[in-house]
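Asks: Here it is, the structure in full.
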Amino acid sequence: MNPQLEDCIVIGAGLAGLAAAKTLQSAGLGVLLLDKGRRVGGRMASRHFEGAHFDYGAQFFTARDPEFRRLIDGFLGTALATPWFDRDGETRYCSPVGMNALPRYLAEGLRIHCGVTVASVRRDGNLWRILAADGTEYATEVLVVTTPVPQALALLELDEQARGELGGIEYHRCLAILAVLAGDSAIPAPGFLRLTEQPLQTLADNRQKGLEGEATGVTILATPSFSLLHWDTPQEEVAELLLAAAAPWLGSPVTHWRYHRWRYSQPVQTFETRYYAVEGGPPLVLAGDAFGGPRVEGAFLSGVAAATWLLER
Ligand SMILES: Cc1cc2nc3c(=O)[nH]c(=O)nc-3n(C[C@H](O)[C@H](O)[C@H](O)COP(=O)(O)OP(=O)(O)OC[C@H]3O[C@@H](n4cnc5c(N)ncnc54)[C@H](O)[C@@H]3O)c2cc1C
């Protein structure tokens, strides 16, 4: 049976994909988002266990650009977002219910299929045919791909020029330990530390940040070089090293911990334009933080720019 033909499919329901989908849908297009995750948000990830709440991907976001600022003003109005702290004259925002609240807010009213891993994308005349890992097929006239670039390159049949232009985009890795404490942490207010010494990149006290729970949850993120070196080290060993390094700021015994590996944490370098349009076929555009800037705001702006290009062409 032929799959239903969609006006537009967006692969990836992180901030870039959601922003692109919202922009296209607002212009009257039918849009379907596909994401392999159990829920939307990608690297804006939150979870809770053993009574503690954690943000274990993006820790906060800035709102410099007027377009993103407008979205954030609306989001602040829902009480789902709050300023966390100011640094270098700029406010860092977070959400008292976890950073995943922003993508969920943006996802309202969008058609999204989560738990769908796209396995391949093939051109068929004026259409894109998408095959999911579970065998489901999709067809669309317009395709937006917002996965990290190496994952997009694995899905798409691109010519040598495009591969040459995109192939050099690399991402840092990041190992994360989520630690549940028996009492308060010793991380000073406002509960966030950016560290320069190995192996720690940042420490965040999620409770001071406003994520209420019975227990304090501290997110420990490792530096890119430690994460690369210890990518395949058993998680118990990684936890031992990171918890020992973080000990001066933990302040209370660790009762439980969990481990997460981000293979594509943040792009090492970003592309010179906010999106990448692939020539010579039905409309296809790549977006994400590798194009808009290595942060939440950059991903959003890239998604909007990609959608705007599609609407104006
Ligand atoms: C540990 C960490 C800390 C960070 N800290 C900050 C911070 O403090 N401030 C800040 O602004 N930014 C921070 N960032 C960066 C920020 O999270 C990202 O820049 C932003 O969320 C990227 O959004 P995106 O939409 O481009 O990509 P993603 O959020 O990665 O979305 C891509 C989506 O594609 C999906 N996908 C991938 N492959 C497939 C497939 N084959 N089929 C279907 N779906 C697929 C994924 O599931 C994912 O949901 C941090 C990131 C990490 C990992």
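The values are calculated or read from the model by the stated rules, or taken from the named source; none is laboratory data. The structure presented is a predicted model; accordingly, all values stated were derived computationally and were not measured. A quick note on method: Cβ atoms are made from the backbone with ideal geometry, for glycine too, and the neighbour counts reach across all protein chains shown.
Asks: Just one of G168, G135 is within 30 Å of V10 (Cβ to Cβ), of a type outside the set (F, W, Y) and touching a residue at least 40 places away in the same chain (Cβ under 8 Å); which is it? Please lay out each step first, then the result.
Replies: Values: G135 fails: touching a residue at least 40 places away in the same chain (Cβ under 8 Å).
After applying the criteria, what remains is G168.
Asks: Somewhere in segment 60-72, is a residue within 9 Å of the ligand (Cβ to nearest atom), at negative phi and not hydrophobic (A, V, I, L, M, F, W, C)? Full working, then the answer.
Replies: Within segment 60-72, the first condition is being within 9 Å of the ligand (Cβ to nearest atom), and the residues that meet it are 60-62.
Still in the list and also at negative phi: 60-62.
Next, from what is left, pick out any that are not hydrophobic (A, V, I, L, M, F, W, C): 62.
Yes - at least one qualifying residue is present in segment 60-72.
Asks: Any residue at all in segment 76-94 that's away from the ligand (no atom under 11 Å from the Cβ), among the small types (G, A, S), on the phi < 0 side of the Ramachandran plot and loosely packed, with under 15 Cβ neighbours inside 10 Å? Walk me through how you get there before you give the answer.
Replies: The first filter runs over segment 76-94 and keeps only residues away from the ligand (no atom under 11 Å from the Cβ), leaving 76-83, 85-91.
When the remaining residues are screened for being among the small types (G, A, S), the result is 77, 79, 81, 89.
Filter once more, keeping what is on the phi < 0 side of the Ramachandran plot: 77, 81.
Adding the requirement that they be loosely packed, with under 15 Cβ neighbours inside 10 Å leaves 77.
There is at least one residue in segment 76-94 that is away from the ligand (no atom under 11 Å from the Cβ), among the small types (G, A, S), on the phi < 0 side of the Ramachandran plot and loosely packed, with under 15 Cβ neighbours inside 10 Å.
Asks: Do the conditions hold for I11, that is, is it farther than 30 Å from G183 by Cβ, outside the structural domain of V254 (by TED's automatic domain parsing), within 6 Å of the ligand (Cβ to nearest atom) and of a type in the set (A, V, I, L, M)?
Replies: On the way: farther than 30 Å from G183 by Cβ: yes; outside the structural domain of V254 (by TED's automatic domain parsing): yes; within 6 Å of the ligand (Cβ to nearest atom): yes; of a type in the set (A, V, I, L, M): yes.
Spelling it out, I11 is indeed farther than 30 Å from G183 by Cβ, outside the structural domain of V254 (by TED's automatic domain parsing), within 6 Å of the ligand (Cβ to nearest atom) and of a type in the set (A, V, I, L, M).
Asks: Further, regarding this structure: If I ask for residues that are of a type in the set (G, A, S), within 12 Å of the ligand (Cβ to nearest atom) and out of contact with any Leu (no Cβ under 9 Å at 6 or more places or on another chain), which ones from segment 121-150 would you list?
Replies: A133
Asks: Residues of segment 272-290 being under 17 Å from the mean Cα position of the chain (by Cα) and touching a residue at least 60 places away in the same chain (Cβ under 8 Å), which ones? Full working, then the answer.
Replies: The first filter runs over segment 272-290 and keeps only residues under 17 Å from the mean Cα position of the chain (by Cα), leaving 274-275, 286-290.
The answer is L286, A287, G288, D289, A290.
Asks: S302 versus (1) in the same structural domain as A222 (by TED's automatic domain parsing); (2) crowded, with 16+ Cβ neighbours inside 10 Å; (3) outside any loop (DSSP other than H, G, I, E, B); (4) hydroxyl-bearing (S, T, Y): which is the lone unmet condition?
Replies: (1)
Listed here are the residues, each with its yes/no results for (1) among the acidic types (D, E); (2) buried (at least 19 other Cβ atoms within 10 Å of the Cβ); (3) outside the structural domain of P96 (by TED's automatic domain parsing).
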{"residue": "F192", "(1), (2), (3)": "no, yes, yes"}
{"residue": "E197", "(1), (2), (3)": "yes, no, yes"}
{"residue": "K209", "(1), (2), (3)": "no, yes, yes"}
{"residue": "E214", "(1), (2), (3)": "yes, no, yes"}
{"residue": "P224", "(1), (2), (3)": "no, no, yes"}
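Asks: Hey, among A20, A63, which residue is in contact (Cβ under 8 Å) with a residue 12 or more places away in the chain, touching a Gly at 6+ places or on another chain (Cβ under 7 Å) and surrounded by 23 or more Cβ atoms within 10 Å (Cβ to Cβ)?
Replies: Values: A63 fails: touching a Gly at 6+ places or on another chain (Cβ under 7 Å).
Unique residue meeting the criteria: A20.
Asks: Here's a follow-up. Among the strands (runs of 3 or more DSSP E) contained in segment 165-205, which hold 3 or more residues that are in contact with a Phe, Trp or Tyr (Cβ under 6 Å, 6 or more places away or on another chain)?
Replies: Working: elements: 174-181, 192-194, 200-205.
Because the criterion is at least 3 residues that are in contact with a Phe, Trp or Tyr (Cβ under 6 Å, 6 or more places away or on another chain), the strands (runs of 3 or more DSSP E) in segment 165-205 that meet it are 174-181.
Asks: Among the residues of segment 232-254, what is the count of those that are exposed (fewer than 15 other Cβ atoms within 10 Å of the Cβ) and either touching a Ser or Thr at 6+ places or on another chain (Cβ under 9 Å) or under 27 Å from E214 (Cβ atoms) (or both)?
Replies: Here the count works out to 6.
Asks: Let me confirm something: among G30, G12, which residue is in contact with a Lys or Arg (Cβ under 9 Å, 6 or more places away or on another chain) and crowded, with 23+ Cβ neighbours inside 10 Å?
Replies: Values: G30 fails: crowded, with 23+ Cβ neighbours inside 10 Å.
After applying the criteria, what remains is G12.
Asks: Tell me, yes or no, whether segment 237-260 has at least one residue that is within 10 Å of the ligand (Cβ to nearest atom), of a type outside the set (D, E, K, R) and closer than 30 Å to L33 by Cβ. Let's see the steps before the verdict.
Replies: So in segment 237-260, the residues within 10 Å of the ligand (Cβ to nearest atom) come out as 260.
This time we only want the ones that are of a type outside the set (D, E, K, R), so: 260.
Subset that is closer than 30 Å to L33 by Cβ: 260.
So far as segment 237-260 goes, yes, one or more of its residues are within 10 Å of the ligand (Cβ to nearest atom), of a type outside the set (D, E, K, R) and closer than 30 Å to L33 by Cβ.
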